[in-house]
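Written out below as structure tokens is the structure these notes cover.
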Amino acid sequence: MPTLDLLLAAVGALGVVSVALALVSRRLRSLPVTEPLVGLLLGIALGQAGILGGSGALGWDDAQRDTLLLESSRLLLAASVMAAALRFPTDQLRSLVRPVAWLLVVVMPVAALVSGALALTLGLPLALAAVVGACLSPTDPVLAASVVTGDAAEKSLPKRVRDLLTAQSGVNDGLALPLVAITITLALTPRETGHELLLLTWEVLGAVVIGVVLGLATAAGRRIATREHDLDSGPTLMLTLLLALAALGVADLAGTGDVLAVF
């Protein structure tokens, strides 16, 4: 069977699994199992089957497989942080600024230090352990969504806590970039360090500018387009997904933090 047919078959199988998860998600959440965990187990099964490996049925080499997984992960993360950003109105952000800042400035670096220290116990070099700690410190928005949404979350967690976890999970996936970049920069020579710091500044500030400009432009366009009729949930969802892809692409072309731009 041609590779394209196998690829389409694999995408179709994943689509069927996604639809099945959506249909049983309410019952699934009554068990000690979440959708991300099911997805993780499915990914392990596909990996063990060798479907995406160089010797697997699709016949891709390691570079092609890694590129596919990386870009798919970026698209999923972009959609996830967009969903996190849209989960509560912007007028609620003011009350969350102080606790979110505390989590980002204090808790996230402490989490990075703890994770890095644990990585050192595994025998990793100091620089690599620091990078591992920085990569593990952010809260994943996909996992956070499974905790803060649903009937069980609404019954057991106060709304302020759910909003705080949502905001923090979206922000720190973009702002973890400086933490990761700084740990990498520490392993470079002094000449390289200056260049990397300038690049890091552009990646962060440029991403914020791109995200704000695209968001304001889209909001203005939406107001013009809906003067007579409001968009229903379907077009609104499509608009936000397309906006996430646009921000991801523009930020990537500009060499800035694309996930931060999306949020």
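The values are calculated or read from the model by the stated rules, or taken from the named source; none is laboratory data. Everything numeric in this text was worked out from a predicted model, so none of it was measured. Heads up: the accessible areas ignore ligands, DNA and RNA and are worked out on the full protein's heavy atoms, side chains in. Shrake-Rupley method; radii C 1.70, N 1.55, O 1.52, S 1.80 Å.
A few points about this structure:
- Residue-span extension gain [LEU23 to VAL107] - 0.36 nm each, minus C-alpha spacing: 26.6 nm
- The listed residues ARG223, ARG27, ARG74 rank as ARG27, ARG223, ARG74 when sorted by accessible area, largest first, using a 1.4 Å probe.
- Computed from backbone phi, the HN-Hα couplings of region 134-149 come to 5, 6, 8, 6, x, 7, 6, x, 5, 5, 5, 4, 6, 8, 9, 10 Hz, rounded to whole numbers (Karplus: 6.51 cos²θ - 1.76 cosθ + 1.60, θ = phi - 60°; Gly and Pro given as x).
- Stretchable slack from LEU128 to GLU71, in nm (0.36 nm times residue separation minus alpha-carbon distance): 18.2 nm
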